[in-house]
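Computed from the coordinates by the stated procedures, all read-outs in this text should not be read as laboratory data. Because the structure is a prediction, the values reported are computed rather than measured. Using ideal geometry, Cβ is built from the backbone for each residue, glycine included, and neighbour counts are taken over all protein chains shown.
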């Protein structure tokens, strides 16, 4: 095994610290993964997190945000040409990860494309345009996780896409108020609002009864995607299978919590408590337990519709 340089070791440490400093609803570089994969996922997360911040955080102009994302793309292309000469820790580590695991550069370019879209687009005409965004903002992360494992099939990639898109849709439903107030961004399809006679102000009304039919429709579409992809976790072995099962179960549990809320309070963001997270990790340890847990949760979702 090739010895890592002090510069590369420091770059990996930087990425791991960044990943650990951010809270997400779903696991990031979970401790259940072997160190080699945990480090690689932390690097991918660091790349995505910082690029996403370029689009959303701070007081930069749109031109400055787009320039930062273009700079990231130039560094990414240099990595693809085995010619990265910079000193940015994230790209030093990312070059090592991309080459060691033969990761497709296009997946990283897709992420940057989605972040650039966040800068210039804040409304979505219909559900297909939302799905197109998810294809570039969420699905690449799941695919990269599978490529780290290796020996993947086209079916597994499709299942991963279904899970990642569903998780993204669930986040959109949870973050309606935050996206609107902080970024003036709405991911709820505009044509569906118009069809129901709703306005944007209805989306942020404390009483969510008027938008309940639309949100519950999005919940159901998310459920269908999770149902079509959840068996991915049963086809993956080892710790990475455990991680995928835990991520999927977390999403299904969150969807159940969303669905259980009354029509008047659908904008309240549910949280998975420690006891629930422990239960999720325990059920994810065994493929049979995981399958049984998923079936029970899908039955609850069907019963409550």
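Some points to look at:
- Computed over the range 196-305, Cα set: Rg, Dmax in Å: 15.6, 49
- Using a Förster distance of 51 Å, the FRET efficiency for residue 263-residue 61 (Cβ separation, nearest 0.05): 0.80
- Kirkwood hydrodynamic radius over Cα pairs of the range 121-305, then Stokes diffusion coefficient at 4 °C and 1.567 mPa s, in µm²/s: 76 µm²/s
- With neighbour counts taken as other beta-carbon atoms within 10 Å, the residues 164, 134 rank, fewest first, as 134, 164.
- Most mobile of 15, 294, 195 in a GNM of the chain (Cα contacts under 10 Å): 195
- Here, the range 169-218 is characterised by an Rg to Rh ratio of 0.91, where Rg is the alpha-carbon radius of gyration and Rh the Kirkwood radius.
- In units of the compact-protein estimate 2.2 N^0.38 Å, the range 1-119 shows a Cα radius of gyration of 1.05.
- Springs between Cα atoms under 10 Å define the GNM used for the chain, and in it the highest mean-square fluctuation of 106, 274, 121 occurs at 274.
- Across 247, 225, 276, mean-square fluctuation computed from a Gaussian network of the chain (C-alpha pairs under 10 Å connected) peaks at 276.
- Spin-label pair residue 231-residue 210: with each label point 7 Å from Cα along the Cα-Cβ axis, the two points sit 4.3 nm from one another.
- Approximating the spin labels as points 7 Å out from Cα along Cα→Cβ, the residue 106-to-residue 122 distance works out to 3.3 nm.
- Available extension along the chain between residue 9 and residue 151 is 48.4 nm, counting 0.36 nm per residue and deducting the alpha carbon span.
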